[in-house]
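Below is one structure, written out as structure tokens; the observations come after it.
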């Protein structure tokens with residue numbers, strides 16, 4: 001690795017909820033630099049969540065994110081000519097990133113509705129614990145559990 005790592009830049013909170021996590025989520029939704037489109041999608045999804053659940057959408061979003069975020073993951077490591085899948089604990093920042101990414105990918109894979117509606121359904125189902133992103137988390141945890149015999153290779 002040449003040079004020094006890029007500095008962590010502070011992120012501005014979003015305009016409607018004044019929440020940094022929602023602002024980061026909007027940035028993950030954004031494609032081709034079109035932030036206003038991403039904001040519209042997220043805020044419309046939050047309005048749908050508010051109508052369906054009669055709760056604060058930020059509360060539902062945070063609950064869904066907490067449910068989906070993984071505690072363990074596996075990373076490949078070469079030891080003595082063999083590749084092992086070694087379970088590691090996931091850092092907080094990466095947990096947030098993976099949880100958001102899995103929710104967005106699961107919402108994109110749904111068919112037949114606008115992105116805001118698909119995203120709202122995914123967030124609501126994740127908060128309940130029954131969504132495609134929850135299945136992804138369980139698969140990752142199952143993989144880590146299956147390979148915990150190799151945990152001693154972790155440094």
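The values are calculated or read from the model by the stated rules, or taken from the named source; none is laboratory data. Remember, it's a predicted structure, so these values are computed and weren't measured experimentally. Backbone-built Cβ (ideal geometry, glycine too); neighbour counts: all protein chains shown.
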Output the residues belonging to segment 102-124 that are surrounded by fewer than 19 Cβ atoms within 10 Å (Cβ to Cβ) and within 17 Å of residue 70 (Cα to Cα).
104, 105
Filter segment 63-79 for residues that are touching a helix residue (DSSP H, G or I) at 6+ places or on another chain (Cβ under 7 Å) and either farther than 29 Å from residue 8 by Cα or in a helix (DSSP H, G or I) (or both); the one that is modelled with the lowest pLDDT is 79
Enumeration of residues in segment 47-77 that are in contact with a strand residue (DSSP E or B) (Cβ under 8 Å, 6 or more places away or on another chain) and in contact (Cβ under 8 Å) with a residue 60 or more places away in the chain:
71, 72, 73, 74, 77
Those residues that are within 20 Å of the chain's Cα centre (by Cα), farther than 16 Å from residue 25 by Cα and surrounded by fewer than 17 Cβ atoms within 10 Å (Cβ to Cβ), I need them from segment 42-62; list them, please.
56
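Any idea which of 99, 80 is surrounded by fewer than 19 Cβ atoms within 10 Å (Cβ to Cβ) and out of contact with any strand residue (DSSP E or B) (no Cβ under 6 Å at 6 or more places or on another chain)?
Details: 99 fails: surrounded by fewer than 19 Cβ atoms within 10 Å (Cβ to Cβ).
80 is the lone residue from the list that is surrounded by fewer than 19 Cβ atoms within 10 Å (Cβ to Cβ) and out of contact with any strand residue (DSSP E or B) (no Cβ under 6 Å at 6 or more places or on another chain).
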Determine which member of the set 47, 21 is farther than 19 Å from residue 133 by Cβ, assigned to a helix (DSSP H, G or I) and touching a helix residue (DSSP H, G or I) at 6+ places or on another chain (Cβ under 8 Å).
47
